[in-house]
Amino acid sequence: MSNPLSFFNTLSGKLEAFTPFKQGVATMYSCGPTVYDHAHIGNMRPYVHADLVKRALEHAGYEVTHTINITDFGHLVGDGDAGEDKMMMALHRDGKEITKEAMGEMTRFYAESFKSDLALMNVEPNITYASASAYIAEEIALVQTLSEKGYTYETSDGVYFDISKFPAYGKLGNIDLEKLKSGARIEVNPEKHHPADFAVWKKGELGWESPWGTGFPGWHIECTAMAFATLGKQIDIHTGGEDLASTHHNGEIAQAECATGRSPYVHYWMHNAFITIENSKISKSLGNTLRLEHLNERGFSAIDFRYWLMSGHYRTTMNFTFDALDGAHQALFRLRRHLFEEYEAEDGGAVVEAYATEFWNAINDDLNTPVAISILWKLVDDKKISAKDKVSTIRSFDTVLGLGLSENRESGMRTLGVISVEDVPADIKALLDDREEARTSKDWARADELRAALNMKGYLVEDSASGIRITKV
């Protein structure tokens with residue numbers, strides 16, 4: 001028997017055993033992208049993390065409901081309440097008109113790009129994608145509720161939440177409000193009562209009609225409204241990048257608990273650390289915003305990247321290099337060769353209890369994937385375990401790892417680049433036939449020449465007791 005599923009809760013700063021609000025059901029909300037551009041590889045880490053959380057919950061027997069929001073309007077640069085709107089910047093960049101219609105067309109395009117990337121990363125598809133523009137009525141209603149209860153005030157540029165009315169503000173991350181200075185993440189605004197007060201409605205020329213004029217909901221309010229609408233007034237788990245804890249998630253807590261009178265709004269807050277690239281922060285200004293397609297151009301798959309991410313703990317900063325990714329690629333390739341060639345993905349085996357207990361103890365210990373992967377490799381190297389039992393055990397592990405190790409042998413061989421003679425082009429088939437004829441007549445020099453010629457054309461040919469093995473390289 002493995003230990004109970006436990007997560008590190010940012011709110012308490014402790015590892016806590018998971019207990020849901022409703023027995024047998026787990027609700028999750030993950031802060032999604034602002035869809036003004038394609039996602040880069042750093043943007044992918046929060047969703048691989050959320051996917052691991054969900055898979056671990058499902059393995060523990062919970063029915064999981066998961067929402068990811070799509071911010072498709074009004075996200076200001078710097079995540080504060082002043083500055084240029086990212087959507088406006090993107091419309092100018094893409095040469096589009098400054099209209100809601102053009103903004104909708106642009107954001108739908110980048111939202112689909114984001115969802116495609118998640119599919120490539122093998123993120124489970126049972127997700128509710130909540131677009132902020134589809135919940136305007138709910139967002140306005142939430143602002144009205146807060147205003148009626150006396151938690152807001154209006155200025156020339158919007159409606160603000162008054163944090164002095166919520167003494168617990170800043171409890172996530174233990175923010176010291178006395179030391180909080182305007183000018184960092186919170187922009188200077190002389191009309192604000194406190195630099196940490198945040199907009200729940202921003203006035204502007206482009207947007208929707210409201211009791212406070214034309215504009216759009218504040219960044220924090222949209223997430224809370226969509227969480228309420230899709231998951232309920234209290235949710236079990238909220239995930240996101242570590243940068244969101246101090247400002248965005250404290251804002252969510254304040255407005256949610258003030259609107260409903262219920263605490264806690266979220267039971268478990270989980271935050272992943274950033275990744276860097278060559279020891280530098282990922283930034284468009286530095287020109288290092290790699291996308292999944294850029295990895296693919298270098299011969300790496302999104303699943304190679306997923307493996308690399310899981311080689312580190314989600315709360316630990318990781319430094320991306322192509323050498324490190326190549327190491328993950330080679331490890332995953334070797335693992336697949338064991339599974340689909342050496343073990344031949346045999347069916348009928350049993351899960352090895354001793355390894356399963358070790359593995360799930362690691363996963364249940366705040367998703368300790370580096371340890372879990374080391375246990376998987378220990379199993380692979382264990383000569384006492386039969387191939388069938390190894391396959392069954394690895395497949396059970398893959399329900400949470402999501403590395404595509406549960407594929408049948410034919411599909412698995414394709415991931416290795418192995419193809420059948422029947423699937424090669426006619427000119428390659430002719431070279432293979434010539435080589436086989438040379439081998440039959442024991443003309444080994446000629447056979448070697450033809451193998452070299454095949455290799456030059458991108459086909460690696462290996463001989464084995466069971467016949468030739470052809471790999472597209």
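Key figures
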| read-out | value |
| --- | --- |
| Extension gain, GLU462 back to ILE98 (0.36 nm per residue minus Cα-Cα distance, nm) | 125.1 nm |
| All-pairs alpha carbon distance profile, segment 300-408, 5 Å steps from 0, percent | 2, 12, 23, 25, 19, 12, 5, 1, 0 |
| Average Cα contact separation per residue, the chain, under 8 Å, 6 or more apart, as relative contact order % | 16 |
| Spacing of the two label points (7 Å from each Cα toward its C-beta) at ASP381 and ASP323, in nm | 2.3 |
| Within straight-line cross-link reach of LYS281, lysines at Cα separation under 29 Å, skipping those fewer than 8 residues along the same chain | LYS14, LYS54, LYS86, LYS115, LYS171, LYS179, LYS181 |
| Cα gyration tensor shape for segment 6-272, rounded if a/c is under 1.5, else prolate or oblate | oblate |
| Which of MET88, MET121 has the fewest Cβ neighbours within 10 Å, and the rest in rising order | MET88, MET121 |
| Residue order, fewest to most beta carbons within 10 Å, for CYS223, CYS31 | CYS31, CYS223 |
| FRET efficiency for GLU105 and SER280, using Cβ-Cβ distance with R0 set to 30 Å, rounded to 0.05 | 0.35 |
| Segment 234-385: C-alpha gyration tensor shape, a/c 1.5 cut-off, then a/b vs b/c | oblate |
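The numbers here are math on the coordinates, done by the rules we state, and not lab data. Only a predicted model underlies this, so the values are computations on that prediction, with no experimental measurement involved. Note that we place each Cβ from the backbone using ideal geometry, even for glycine, and neighbour counts take in every protein chain shown.
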